């Protein structure tokens, strides 16, 4: 039950979080029963918006641990 404010604080600290594990170490987000299964997409969205960085550059713990490596399919504009 970590708030968005706690995640934002972890990102904006001196030596702030730049990965999912960085946020996890500073806030314990992802330490629950699901082990980040539900909160990872939201934390990635917050990192993308606040750092700013591309979502495909966000990793679990540094370079080489990225989750998103490509697009699955093109989305059509509605």
Is it the case that some residue within segment 41-52 is exposed (fewer than 14 other Cβ atoms within 10 Å of the Cβ) and more than 11 Å from the chain's Cα centre (by Cα)?
yes
Name, by its number, the condition in (1) touching a strand residue (DSSP E or B) at 6+ places or on another chain (Cβ under 7 Å); (2) loosely packed, with under 14 Cβ neighbours inside 10 Å; (3) at pLDDT 90 or above that does not hold for residue 65.
(3)
By residue number, the members of segment 45-78 that are closer than 23 Å to residue 3 by Cα, touching a helix residue (DSSP H, G or I) at 6+ places or on another chain (Cβ under 6 Å) and touching a residue at least 12 places away in the same chain (Cβ under 8 Å) are 46, 50, 55, 58, 60, 61
Can you confirm whether segment 30-37 contains a residue that is under 11 Å from the mean Cα position of the chain (by Cα), surrounded by 13 or more Cβ atoms within 10 Å (Cβ to Cβ) and at pLDDT 90 or above?
no
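The values are calculated or read from the model by the stated rules, or taken from the named source; none is laboratory data. Note that the structure is a prediction, hence the values are computed from the model and not measured. Cβ: placed from backbone, ideal geometry, glycine included. Neighbour counts: every protein chain shown.
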